[in-house]
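First the structure, in the form of structure tokens, and then the observations on it.
Throughout, read-outs are computed from the coordinates displayed, never taken from laboratory work. This is a predicted model, so every value here is computed, not measured. So basically every Cβ, Gly included, is an ideal-geometry build from the backbone, and we count neighbours across all protein chains shown.
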Amino acid sequence: MGIKFLLLGALVGLLLALQACTATSHSEEAGTLGRPISMAAMERILDHADQAGPVELQTFNSADWIADLSGLVNLDNPEAKSAGLSAREEPIQVYLYALRHPTRGLFLIDTGFSAQMAHDPGSLRAGLVMRHEMHLDRLSFHLGPANVLKTENEPLRGVFLTHMHPDHIGGLSEIPLDTPIYVGPGETKERHWTHFFTRAVTDRALEGRPALKTWNFAGAANDPAQELAAVDIFSDGSVFALSVPGHTRGSVAYLIRTTHGPVLLTGDTSHTRWGWEHSVEPGSFSSDRVRNRISLLQLKALVARHPQIQVLVGHQP
């Protein structure tokens with residue numbers, strides 16, 4: 001009986017430890033880039049600005065991959081059930097984006113994978129469980145940030161993250177250590193059992209770097225459950241960070257007024273084209289499906305009001 005209680009106590013302790021694990025031990029600080037802006041003010045810019053904006057945006061496919069559909073799409077959603085979706089492997093891509101502002105310079109949105117992360121993840125502290133569950137052996141690597149940056153004629157000014165999952169920060173080993181990195185508020189402090197397996201990779205990616213910068217969404221929305229909070233990143237109406245918690249606590253989408261018109265990067269608020277088109281939120285890969293659905297529907301409503309916006313979902317063309 002004593003042994004059973006000891007084992008039970010050990011199991012409870014392990015479960016509590018898993019739930020208490022934060023995304024990273026790396027420090028964060030309030031960022032000073034940009035200013036909060038109301039949705040009404042942001043949408044007035046979309047209404048009255050020219051279709052073409054000042055920013056060049058280029059998409060890069062870092063890798064082809066597969067993932068479990070039950071993680072990408074909530075299969076319990078009535079719409080998914082009606083469509084007959086069931087658990088299977090789904091082909092996906094891993095993206096990074098180069099953002100070129102005419103006066104502020106070059107930025108990356110997410111980092112995809114580095115060659116090292118793709119070919120030798122263990123050297124970046126990816127354990128066996130993480131490598132197995134993420135199907136890293138099924139990854140077909142194409143390029144990382146180093147390939148993108150070597151063709152640029154100016155230095156990298158910063159990295160804007162949609163969130164801190166390994167497939168979005170996996171290229172940080174190819175980013176200069178002094179590069180500012182921007183995340184959503186609360187992203188580093190989110191507690192989830194999966195961080196027990198990914199935190200070592202995240203800490204290794206951030207090792208030797210300055211504190212992460214968090215977007216200042218304070219006061220941008222009176223009721224975040226009803227209205228998106230936004231930051232005008234360069235204070236010129238060209239690029240906006242949108243707070244979309246749910247997939248992770250600090251998930252961020254980005255709305256960019258590009259030279260080809262406005263583009264919305266949803267991040268993993270919507271992984272798949274099918275999920276976006278049918279308004280079905282992600283499944284088990286999200287920490288809070290209910291909040292993720294609210295964020296997804298807020299983005300959908302924004303695009304419905306401004307159909308000129310081109311939508312790029314997190315992991316599919």
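Oblate is the label for region 65-145, because a/c, from the alpha-carbon gyration tensor with a ≥ b ≥ c as root eigenvalues, is 1.5 or above and a/b does not exceed b/c.
Using 0.36 nm per residue and subtracting the Cα-Cα separation, the extra length available between His260 and Ser38 on full extension is 77.5 nm.
Taking other C-beta atoms within 10 Å as the exposure proxy, Glu43, Glu29, Glu187 rank Glu29, Glu43, Glu187 from fewest upward.
Full extension of the chain between Asp137 and Arg273 gives 46.5 nm of extra length, using 0.36 nm per residue less the Cα-Cα distance. Dividing the radius of gyration of the alpha carbons in region 182-289 by their Kirkwood radius gives 0.98 for Rg/Rh. Once the Cα-Cα distance is subtracted from the 0.36 nm per residue extended length, the His48 to Trp193 segment shows a gain of 47.6 nm.
Net charge near Ala211, counting Lys/Arg +1 and Asp/Glu -1 over other residues with Cβ under 10 Å of its Cβ?
0
If you line up the long axis of helix 39-48 against the longest principal axis of the chain, both from Cα atoms, how many degrees apart are they, to the nearest 10? Between the helix axis and the principal axis of the chain, the angle is about 40 degrees.
Let me check I've understood the local charge: for Val55, count other residues with C-beta under 14 angstrom from its C-beta, Lys and Arg +1, Asp and Glu -1. What total comes out? Don't jump to the answer; show the numbers that get you there.
Numbers: positive: Arg100, Arg104, Arg157, Arg257; negative: Asp50, Glu56, Asp232, Asp236.
Cβ neighbours under 14 Å give a net charge of 0.
Counting beta carbons within 10 Å around each of Ser295, Ser279, Ser123 and listing the fewest first gives the order Ser123, Ser279, Ser295.
Modelled spin-label separation between Lys81 and Asp68, with each label point placed 7 Å from Cα along the Cα-to-Cβ direction: 2.0 nm. For the chain, the longest principal axis of the C-alpha atoms and the axis of helix 195-206 are separated by about 50°. Rounded to the nearest 10 degrees, the inclination of helix 289-305 to the longest alpha-carbon principal axis of the chain is 20 degrees. Between the C-alpha center of region 61-136 and that of region 154-199 there is a gap of 14 Å. Sequentially through region 86-95, phi angles give Karplus couplings (6.51, -1.76, 1.60; θ = phi - 60°) of 9, 4, 6, 7, 10, x, 9, 10, 10, 10 Hz, Gly and Pro residues having no value and appearing as x.
Computed over the chain, the per-residue total of -39500 (n - 2.57) for DSSP H runs of n ≥ 4 gives a 222 nm mean residue ellipticity of -8000 deg cm²/dmol, rounded to 500.
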